[in-house]
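Below is one structure, written out as structure tokens, with a few remarks after it.
The values are calculated or read from the model by the stated rules, or taken from the named source; none is laboratory data. Remember, predicted model here, so these are calculated numbers, not experimental data. Cβ: placed from backbone, ideal geometry, glycine included. Neighbour counts: every protein chain shown. The area values use the complete protein model at the heavy-atom level, side chains included, leaving out ligands, DNA and RNA. Shrake-Rupley method; radii C 1.70, N 1.55, O 1.52, S 1.80 Å.
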Amino acid sequence: MSRRTDPVRRPLWRDRNFGAYWAAQSLSAAGDSFAYIAVPLLVLHATGSVAQMGLLTAAAGAAAVGAGIFGGVLVDRYDRRKLMITADLVRLVLYGLIPLAWLGGPQVWLLFVVLPICEAAGMVFQVAAVTAVRNLVDRPRITEANGRLQATYAAAAVLGPLLAGVVSARFGATAAIAINAASFALSAFGLWLVRLRRSDEGATAGGAAGREGRLAEFLAGARFLWRQPVLRSLTILLSVFIFLTYGFTDVLVYHVKHDLGGSDGTVGTVLGLAALGTVVGALLVAPLRRRRGFGITWIGAHAVCGLAIVGIGVVGSVRGVTVLTAVYLCGVSVGGICSMSLRQEITPDHLLGRVTSAFWSTHYALGPAGAAVLTWAAGRYGVTAVTVVAGAGCLLVAVGGLFTPIRRAGSEPMARPSATPRPATSQAS
């Protein structure tokens, strides 16, 4: 096959279908970062309580976990692109309600209604988005595609928090949420332009899946996850990691505002500049995994996260917190892209949605409780004590990886050649 038509050799930036998907998700990520800043600020301004921030995060996380249980079944049964567009439109409407309701004064109760529903829709969107990568690029390019997507998301997230801080300080946090709502309209339009490849194995297995009961469909993903040694170990260790870090953003916002005396603009600056760490991690992950293998890369990334979290509570300056948060996000980026890519590579396409759903639902299950505990402890015992304990726990997660099949997992899935590349024109849906 010539270089011109070989989909494996062609640069991803020249793939118009991938480019449309890439642009849509980048715009969505930039807008979503406004809510990332604005929602905690709304709660903090209205209540002054970090514990209330944690409760809202916990409620939203519980809804996401619940949606994740069945999200994989939906993704494997129905058109992934249409599900993503529907999730975008739901979030457009619901986030748009917040600034309208706030015109009459703070309505914290509305956040406890809207945010869980939006997080549930977001979970379905994310499961579909992860599985869609398999239908956009050929298998040898999955890690590269994930790295490019995550790097661009992070680059957009650098500008997003900076602007969100400025908008929140000048016009109020509700204005930032209105911008977030509008971003979902742009994302939906971009996805409407995308065409996903149709998997032959998915077409064959999809009919069989349709004849299964819904519980059996969900359990098929959970069984695959549990029987695969590396994925099983990742799920267990990440459950602990998520418990320790799910409320980290709330604690960080509280730390910058309460302990370091920062403004809304300072919060946006810290999170915006720290997002550069995600960009760096996304660009480093593919070469690190090629050279060091999956196991060493994943374990090292989580060790870095633990050390950074400890440092965040110890340093007493906004500059130090910003740098260490960037280091933490770099580690999260490397570890997350590694595990996501491995899962995409070794899971059959017709099971990918259910495996992703089972993976996320399981390791996020402890997240809501972790957020509530972490924020309560930060308010009671201080941020330093909480970050030292959470960071030490993350280090133990990394050490635990040395005693599981994760340690021996190399880059074999990346090195395995895929089947003869299928022409994109014959796979369009």
Can we say G320 is assigned to a helix (DSSP H, G or I) and free of Cβ contacts under 8 Å to residues at least 40 places away in the same chain? yes
Restricting the search to the range 149-195, which residues are among the aromatic types (F, W, Y), open to solvent by 10 Å² or more (accessible area, probe 1.4 Å) and under 22 Å from P99 (Cα atoms)? F171
Pairs returned, first residue in the range 105-129 that is in contact (Cβ under 8 Å) with a residue 24 or more places away in the chain, second residue that is among the hydroxyl-bearing types (S, T, Y), beta-carbon separation under 7 angstrom, 6 or more apart or interchain, are V108/T47; C118/Y95; V127/T356; V127/S357
Leading residue by the ranking (modelled with the lowest pLDDT) among those in the range 196-205 that are more than 23 Å from the chain's Cα centre (by Cα) and outside any helix (DSSP H, G or I): S199
State all residues of the range 21-70 that are within 17 Å of the chain's Cα centre (by Cα), among the β-branched types (V, I, T) and either surrounded by 24 or more Cβ atoms within 10 Å (Cβ to Cβ) or modelled with pLDDT of 80 or more (or both); if no residue qualifies, say none. I37, T57
Does at least one position in the range 110-118 carry a residue that is farther than 15 Å from V39 by Cα, modelled with pLDDT of 70 or more and open to solvent by less than 10 Å² (accessible area, probe 1.4 Å)? no
Please specify each residue of the range 322-332 satisfying the condition of being closer than 24 Å to V127 by Cα and open to solvent by less than 10 Å² (accessible area, probe 1.4 Å). G331
Can you find a residue that is assigned to a helix (DSSP H, G or I), farther than 27 Å from W376 by Cβ and charged (D, E, K, R) anywhere in the range 83-101? yes
When (1) part of a helix (DSSP H, G or I); (2) modelled with pLDDT under 75; (3) surrounded by fewer than 22 Cβ atoms within 10 Å (Cβ to Cβ) are applied to S2, the one that fails is (1)
Could you say whether any residue in the range 81-104 is among the hydrophobic types (A, V, I, L, M, F, W, C), modelled with pLDDT under 80, on the phi < 0 side of the Ramachandran plot and open to solvent by 30 Å² or more (accessible area, probe 1.4 Å)? no
For the range 352-374, which residues satisfy the criterion of being surrounded by fewer than 24 Cβ atoms within 10 Å (Cβ to Cβ) and hydrophobic (A, V, I, L, M, F, W, C)? A365, L366, A369, A372, V373
Residues within the range 305-321 that are within 26 Å of A156 (Cβ to Cβ) and surrounded by fewer than 22 Cβ atoms within 10 Å (Cβ to Cβ), tallied: 3
